[in-house]
1. Just to verify a result, which residue in the range 92-142, among those that are at pLDDT below 70 and of a type in the set (G, A, S), is nearest to E53 (Cα to Cα)?
2. Tell me, which residue of the range 60-82 that is closer than 21 Å to C39 by Cβ and modelled with pLDDT under 95 is surrounded by the fewest Cβ atoms within 10 Å (Cβ to Cβ)?
3. Take the residues of the range 13-47 that are surrounded by fewer than 17 Cβ atoms within 10 Å (Cβ to Cβ) and either among the acidic types (D, E) or over 30 Å from K69 (Cβ atoms) (or both): which is modelled with the lowest pLDDT?
4. Only one of A26, A50, A54, A37 is hydrophobic (A, V, I, L, M, F, W, C), within 12 Å of the chain's Cα centre (by Cα) and under 16 Å from K140 (Cβ atoms); which?
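The values are calculated or read from the model by the stated rules, or taken from the named source; none is laboratory data. Keep in mind that what you see is a predicted model, and the values were worked out from it rather than measured. Cβ placement follows ideal geometry from the backbone for every residue including glycine, while neighbour counts extend to all protein chains displayed.
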Amino acid sequence: MSSQSGSNSSGEHFSVPSKISEIGPAVERISEMFKNAGCASEQLSDVEIATFEALGNAMIHGNARNPNKRVHISCRCEPGKHISIVVRDEGNGFDPDRVPDPTSAENLEAEHGRGILLMKTFMDDVHYEAGGTEVHMSKKLP
C-alpha cells in the first residue's frame with residue numbers, strides 16, 4: 001500500500017454548454033465518476049442535488065443562458081474522506097453576501113433564490129471564489 005497522500009483520489013474535469021438540458025447528464029456523469037471511484041455513499045444524493053443547483057445557477061445567472069458560454073466542472077473524491085466539486089461559469093460573477101435570504105418573510109413566495117440555500121444545506125462546505133464565478137463545494141464521506 002502506498003502511503004502517499006492523495007494516491008487513492010480520483011477526479012474529472014469537463015465542461016458543458018449553458019443549456020438547461022445539459023444539467024441532468026452532467027450530474028449523472030459526476031455521480032457515475034464518484035461511484036466508479038468508490039465514493040458512492042448515502043450522501044451521494046445530497047451531492048447530486050447541490051450539483052444540480054450549482055449548474056443551474058451557473059447557466060441561468062452566471063452565463064445568462066447563453067449557449068455559447070460554457071460551465072466548467074471539476075470534481076474529485078477521496079474514498080472514505082471527501083468529495084469536492086468546483087463549478088465555474090463564464091459570467092461576470094456576483095457577491096454572494098448580496099443574495100436575498102430566501103427564508104425571510106418577503107421572499108417566501110419567490111419562485112427563485114433557494115439554490116444557494118440548498119447547496120449549503122446538502123454540502124458540508126460551500127464558498128465562492130474568482131469574484132463569484134466559481135462555487136466550491138465539499139462533502140465529508142463516512
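1. The selected residue is G113.
2. Among residues in the range 60-82 that are closer than 21 Å to C39 by Cβ and modelled with pLDDT under 95, the one surrounded by the fewest Cβ atoms within 10 Å (Cβ to Cβ) is G80.
3. Among residues in the range 13-47 that are surrounded by fewer than 17 Cβ atoms within 10 Å (Cβ to Cβ) and either among the acidic types (D, E) or over 30 Å from K69 (Cβ atoms) (or both), the one modelled with the lowest pLDDT is E42.
4. A50
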